[in-house]
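Taking it in order: structure first as structure tokens, then the write-up.
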Amino acid sequence: MILEDDVMLDSYKLEVYENFGNFNPHKVDAATVDFLFDKTYDVFGRDKARVHHHDVQIPANTTPGYYHFIVTCKDAAGNESSVIRNVMLKN
């Protein structure tokens with residue numbers, strides 16, 4: 001993804017967490033675990049950053065189903081903007 005600010009970026013955060021509500025029709029095995037990822041990355045001092053990650057590792061025993069995928073970018077002035085997508089993880 002490409003992050004841009006007219007002055008200076010500060011950081012961005014990647015979050016992934018379950019979006020099952022009270023019921024997950026895709027839960028097929030009690031041995032599975034809900035996937036959770038929450039990490040903030042530093043891009044301070046730049047007005048533009050192109051980022052690509054390989055550190056989001058989804059375990060083989062992750063519970064299949066719907067998850068929220070959220071990217072929040074913050075600039076040096078403290079302004080934030082987020083993009084939220086719903087994704088389905090399958091095995």
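Quick notes
- For the range 35-68, the set of residues classified as out of contact with any Asp or Glu (no Cβ under 8 Å at 6 or more places or on another chain) and among the hydroxyl-bearing types (Ser, Thr, Tyr) consists of Thr40, Tyr41, listed by residue number.
- Residues in the range 48-64 that are open to solvent by less than 80 Å² (accessible area, probe 1.4 Å), over 30 Å from Ala30 (Cα atoms) and in a strand (DSSP E or B): Ala49 alone.
- Close Cβ contacts (under 6 Å, 6 or more residues apart or on different chains) running from residues in the range 65-91 that are aliphatic (A, V, I, L, M) and open to solvent by less than 100 Å² (accessible area, probe 1.4 Å) to residues that are part of a loop (DSSP other than H, G, I, E, B) and at pLDDT 95 or above comprise Ala76/Met8.
- Test: Val7 is among the hydrophobic types (A, V, I, L, M, F, W, C), modelled with pLDDT under 95 and in contact with a strand residue (DSSP E or B) (Cβ under 9 Å, 6 or more places away or on another chain): no
- Top-ranked residue in the range 31-47 [being under 12 Å from the mean Cα position of the chain (by Cα) and over 11 Å from Leu14 (Cβ atoms); ranked as surrounded by the fewest Cβ atoms within 10 Å (Cβ to Cβ)]: Leu36
- Candidate set: the range 53-64, residues that are touching a residue at least 24 places away in the same chain (Cβ under 8 Å) and out of contact with any Ser or Thr (no Cβ under 8 Å at 6 or more places or on another chain); chosen: the one farthest from Leu9 (Cα to Cα): Ala60
The values are calculated or read from the model by the stated rules, or taken from the named source; none is laboratory data. Note that this is a predicted model, so its numbers are computed, not measured. A quick note on method: Cβ atoms are made from the backbone with ideal geometry, for glycine too, and the neighbour counts reach across all protein chains shown. For accessibility, only protein heavy atoms count, side chains too; no ligands or nucleic acids. Shrake-Rupley method; radii C 1.70, N 1.55, O 1.52, S 1.80 Å.
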